[in-house]
1. Identify the residues of segment 119-162 with backbone N under 20 Å of a label point that sits 7 angstrom from the Cα of Ser74 along the Cα-to-Cβ direction, or state none.
2. What is the sum of charges, Lys and Arg at +1 and Asp and Glu at -1, for the other residues whose Cβ falls under 14 Å from the Cβ of Ser221?
3. For the chain, what does the relative contact order come out to in percent, with C-alpha contacts under 8 Å and a separation of six or more?
4. Relative contact order for segment 62-129: what is it in percent, counting Cα pairs under 8 Å that are at least 6 residues apart?
5. List the lysines whose Cα lies under 27 Å from the Cα of Lys203, skipping any in the same chain that are fewer than 8 positions away.
6. Taking the chain, how much of its Cα-Cα pair set, in percent, is spaced more than 40 angstrom apart?
7. Per-residue counts of other Cβ atoms within 10 Å, averaged by peptide: what ranking do you get for 133-142, 372-381, highest first?
8. Rounded to the nearest 20 debye, what is the charge dipole size of segment 268-350 about its Cα centre when +1 sits on each Lys and Arg Cβ and -1 on each Asp and Glu Cβ?
Amino acid sequence: MKVHEYQAKELLKNAGVAVPEGIVVTTPAEAALAYKSLGGGLIVVKAQVHAGGRGKGVAIGPDDDRNLALEIASGRKPRPESMAKGVQLVKSAEEALKAAASLLGKTLVTYQTGPQGSPISKVLVTVGHDIVRELYLGMAVDRALQCPVVMASTEGGVEIETVALKNPEKILRVPIDVGLGLADFQARKICKALGLTGEKARKGATFFKNFVKLFIDTDASLGEINPLIVTAGGDVLALDCKLNFDDNALFRHPDIAAFLDAAEEDPAELRASKNGLSYVSLDGDIACLVNGAGLAMSTMDLIKYHGGEPANFLDVGGGANKDQVLEGFRILLSEPRIKAVLVNIFGGIMKCDTIAAALLAAYDELDFRVPLVVRLEGTNVELGKKLIKESGRKIVTADGLTDAAKKVVAAAKGAA
Ligand code: GDP
Ligand code: MN
């Protein structure tokens, strides 16, 4: 799960990681008030969306050209005066009000959002700082090392992917023992790599240690502070912050789960998670309903292997009862791009004839506008297939995964 910058900064602040003061608002008038209560001077107004590249991003209205906006946000075309940036520096309450008005209710297009953009319903009004140095600090889980790693670089304020590609030697990687957190010698190593000495090194070490502790304690999967800045006053601050959390660990963190912003989530994915289904939207046109994550992965592979494009990953879990199948089908059929549905279920504890009965009941309750191919395997498979064949419904049964994949790809092409 992703959270907004203002939410990430709240977590940082509570964990003892230095962030600029800020107030999140939903109206331009509130932005003007926030400007004053933050003490005036240089203030930054920032669109809150789950995407990076906001500084170069473009706020557009319903009638603006989204593809042009993406060209501008990606730096391929010049920005016209009329198009507001996602991050704006202001010097008066009046300017804060105008900046907020140029963002709220609009859609922000950045190189990360694609042309559809993300809706802006909140802006963060935050104290601006004179930047002496822009650094980078990130954390991710390294699957090869089997632990989180801290990434630190002097190349802040630019995309870290570019640094990794062109100057990989400029990124220091520090593996973290989750039982110990960031050790003193590791904190010193990061300070050295970032050129932080004296008082700044002391502040940096506290910052890094607390950030690593927060990452571990919250079951975060990705953390990025870009830029991490050194101010004229010698402070080390997180000017920006992105945090992602492991969905499977959210039950341990109700405070973070409450940060969910439904407007930023895929509606089908949201609906699935509410029903205990594991669902990921993809771009293809063949929907899959499968029990078990491994089986779902191989089903998607086979569809691709036989020339089709999967529209989703849907794991209904080991049980696959009627309610889950029904809700799964509803979610699949709500996607207009679907041209065929493949059900691939292995009946273990749940017998194939029980599953077949659930499928038929679900089929009758729903308006199946596309071909349905079913492959069952496991306990009582013959009985299950017989039930479907003799039901008289327009359901194609398949023998084995290859047959199923071929049939559903053909069905989708026929429907196209
Ligand atoms: P992003 O574009 O989505 O990564 O948003 P950021 O929060 O990183 O802000 C984008 C850019 O705005 C930063 O890289 C800075 O150049 C600029 N910026 C943001 N806050 C401040 C500030 O307090 N002072 C100054 N001088 N620039 C800022
Ligand atoms: Mn940033």
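The values are calculated or read from the model by the stated rules, or taken from the named source; none is laboratory data. Quick caveat: nothing in here was measured; it's all calculated off a predicted structure. Cβ sites come from the backbone with ideal geometry, for glycine too, and all protein chains shown count toward neighbours. SASA here: full protein model, heavy atoms, side chains in, ligands and nucleic acids out. Shrake-Rupley method; radii C 1.70, N 1.55, O 1.52, S 1.80 Å.
1. Residues passing the 20 Å test: 119, 158-162.
2. Values: positive: Lys2, Arg143, Lys242, Arg252; negative: Asp142, Asp217, Asp219, Glu224, Asp246, Asp247.
With Lys, Arg at +1 and Asp, Glu at -1, the net is -2.
3. Computed over the chain, the figure is 13 percent.
4. Values: 57 pairs, mean separation 22.6, N = 68.
Value for segment 62-129: 33 percent.
5. Straight-line reach from Lys203, under 27 Å: Lys9, Lys13, Lys46, Lys170, Lys189, Lys192, Lys213, Lys242.
6. Details: 27646 of 86320 pairs.
Percent of Cα pairs beyond 40 Å in the chain: 32.
7. On the way: 133-142: 19.9, 372-381: 21.6.
Descending mean neighbour count gives 372-381, 133-142.
8. 180 debye
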